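Every number here is computed from the coordinates shown, using simple stated rules; none is lab data. Source: prediction; values computed, not measured. Methodologically, a virtual Cβ is constructed for each residue, glycine included, from the backbone with ideal geometry; neighbour enumeration extends over all protein chains shown.
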Amino acid sequence: MNLHNCRLCKRPKEYSAFYMCNDCLLELEKVRTYIKKHPFATLEEISLATELSKETIGHIISFFPNTQIKQY
């Protein structure tokens, strides 16, 4: 079995074409969908809507450098 660490949570995961584990991929999709529907949302709004921490959201959006999130 070939293991790699998830790029988001750093937990070991089985090697796949994705850089993240299944849990993190689901979180990423949650954030991506919310930002797509609410492009001017603040970090606080995204956090409340997705029930994810601001830190987790920060890690997720770092994978998409062209995404701009208001910090207030």
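Could you grab the relative contact order for the chain? Cα pairs under 8 Å, six or more apart, rounded to a whole percent. Intermediate values should be presented prior to the final figure.
Working: 63 pairs, mean separation 18.0, N = 72.
Relative contact order for the chain comes out at 25 percent.
When only DSSP loop residues count, what trypsin sites (Lys or Arg not before Pro) in the stretch 1-66 have their Cβ near at most 11 other Cβ atoms within 10 Å?
10
Putting +1 on Lys and Arg Cβ atoms and -1 on Asp and Glu Cβ atoms, find which of 15, 48, 31 reaches farthest to the positive end of the dipole of the chain.
15
For residue 3, what charge total do you get from the other residues with a beta carbon under 14 Å from its beta carbon, if Lys and Arg give +1 and Asp and Glu give -1? Write out the running numbers ahead of the final one.
Values: positive: 7, 10, 11, 13; negative: 14.
Here the charged neighbours net out to +3.
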